[in-house]
Amino acid sequence: MTLTNEFIQQKLEGKFADQVSNFILHYDILTFETPVENNLKVLTFLHDDAELGFTYLNDLTAVHYPDRIGEELAVVYMLQNIKTSTRIRLKVFTPIIKPDVFTASNLFLTANWLEREAYDFFGVNFVGHPNLIRIMNVDEMDYFPLRKEYPLEEQTRIDKDDDMFGR
Amino acid sequence: MTNTEQQSFPGQIHELPSGGIVLSKLDDIINWARSNSLWPLTFATSCCGIEYMSVAGAKYDFSRFGFEVARASPRQADVIIIAGTIVNKMAPVLKRLYDQMGDPKYVIAMGACAISGGPFFYNTYSVVKGADHVIPVDVYVAGCPPRPEALLHALISLQEKIKSGLTREQIKTAKV
């Protein structure tokens with residue numbers, strides 16, 4: 001059985017029914033979503049299932065969508081099957097006022113570092129993480145710098161003409 | 001004195017029938033000795049470090065000027081070349097390295113980031129806008145990153161600065 005995108009989608013829908021949704025092929029990688037409280041169930045299934053075997057967490061990051069009211073923060077998991085080099089992407093959305101997401105660090109050791117980074121820059125609260133403190137920025141920082149809450153550039157500058165920057 | 005001229009030993013030769021005697025000042029000789037054996041600290045925080053490595057390599061070769069003994073410990077280093085961006089988290093580390101260096105010690109700020117924050121001057125949440133906010137700087141090298149020749153020029157400028165007089169500490173404690 002080759003690990004095609006259709007097979008992965010059928011397998012997930014057979015197990016989780018309507019709890020997995022929005023399957024699209026995004027930059028050649030199968031991308032789908034699940035409600036935030038389901039993230040560990042889906043990740044564990046992807047990890048443990050003998051046919052799927054997504055045992056490697058390539059990357060974990062967060063995205064801020066200021067326009068998605070009530071689910072402003074997304075956590076993105078990039079998973080890989082080492083044997084077939086198949087990659088998939090899982091997204092969960094969480095409200096910015098209470099950004100609680102269950103930690104994946106018990107499933108993937110890599111997630112320990114990556115979740116600290118996502119917390120540092122986006123303020124995602126990974127419930128159950130063994131050491132959720134800042135990792136890249138100074139400890140005294142009291143905001144999350146990569147949230148889209150700040151003006152893009154110094155508003156008083158007139159020398160940065162958009163034409164010169166291809167915008 | 002310009003960089004192209006041969007830098008001679010300080011003092012005059014007093015000719016005698018049996019040969020010459022060099023007359024000089026001890027301070028000048030100490031400065032001459034110091035300036036020709038500056039040991040840099042192995043310290044690089046971003047792309048300027050690549051140019052720094054290039055200067056250390058065979059093609060540009062800063063050992064021609066007495067800089068070849070790059071030290072991994074600040075306790076043994078004379079000059080710290082700040083080759084790269086200093087972020088807020090790195091600032092206390094840089095200060096500590098500087099404090100651990102023994103006197104006399106010298107600082108070269110290499111590249112736009114170390115001089116002023118450079119391309120990160122505006123709209124940054126993490127970059128120190130100039131390493132001289134943290135430690136005093138003797139020589140600034142412009143560039144992003146500077147050419148190896150520019151760093152060599154800065155190293156030679158530092159040597160001239162040392163040869164020309166007192167260290168910062170000597171000036172501070174000098175009795176007028």
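The values are calculated or read from the model by the stated rules, or taken from the named source; none is laboratory data. Values in this document were obtained by computation on a predicted structure and should not be read as measured data. Cβ coordinates were reconstructed from backbone atoms using ideal geometry, including for glycine residues, and neighbour counts include every protein chain displayed. Surface accessibility is based on the protein's heavy atoms, side chains included, excluding ligands, DNA and RNA. Shrake-Rupley method; radii C 1.70, N 1.55, O 1.52, S 1.80 Å.
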- Message: Can you give the longest run of chain A that contains no chymotrypsin sites (Phe, Trp or Tyr not before Pro) sitting in a DSSP loop with at most 12 other Cβ atoms inside 10 Å?
- Response: A:28-142
- For the protein assembly as shown, with +1 on Lys and Arg beta carbons and -1 on Asp and Glu, the positive-most of B:Pro17, B:Pro74, A:Phe122 along the dipole: B:Pro17
- Query: What residues in the range A:121-152 lose 50 Å² or more of accessible surface when the other protein chains are added to their chain alone (1.4 Å probe)?
  - Reply: A:Val138
- First check a/c for the range B:65-144, with a ≥ b ≥ c the square roots of the eigenvalues of its C-alpha gyration tensor; if it is under 1.5, answer rounded, and if not, answer prolate when a/b is larger than b/c or oblate otherwise. prolate
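Am I reading the B/A interface right? What is its buried accessible area, both sides, 1.4 Å probe, to the nearest 100 Å²? Don't skip to the end; give the middle numbers.
Values: alone 10100 and 9910 Å², together 19240 Å².
Separately minus together, B and A give about 800 Å² buried.
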- Query: Residue by residue, what Karplus-based ³J(HN,Hα) values in Hz, rounded to whole numbers, does the range A:37-53 have, using 6.51, -1.76 and 1.60 with θ = phi - 60° and x for Gly and Pro?
  - Reply: 6, 8, 4, 6, 4, 5, 4, 5, 5, 4, 6, 8, 4, 5, 7, 7, x
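Let me know the longest stretch in chain B that avoids all trypsin sites (Lys or Arg not before Pro) found in a DSSP loop with at most 12 other C-beta atoms within 10 Å. Mind showing how you got there, number by number?
Numbers: sites that count: B:Lys25, B:Lys59, B:Lys175.
Result for the longest clean stretch: B:60-174.
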- Task: In whole angstrom, note down how far apart the Cα centers of the range A:12-84 and the range B:1-70 are.
- Result: 61 Å
- Task: Could you tell me what percent of the DSSP beta bridges with both partners in the range B:39-159 are antiparallel, to the nearest 5?
- Result: 10 percent
- Listed residues A:Pro151, A:Pro66, A:Pro130, most fluctuating in chain A (Gaussian network, C-alpha, under 10 Å): A:Pro151
- Task: Just need the relative contact order of chain B here, percent rounded to a whole number, with Cα pairs under 8 Å and 6+ apart.
- Result: 21 percent
- Note on the structure: In the range A:82-125 the accessible area split gives carbon plus sulfur, as whole percent at 1.4 Å, a share of 57 percent
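State in Å² the accessible area per residue of the range B:39-159; use a 1.4 Å probe, count heavy atoms of protein chains only, and round to the nearest integer. Provide the component values of the computation, followed by the final result.
Numbers: 5280 Å² over 121 residues.
That works out to 44 Å² for each residue.
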- Most mobile of B:Ser18, B:Ser116, B:Ser126 in a GNM of chain B (Cα contacts under 10 Å): B:Ser18
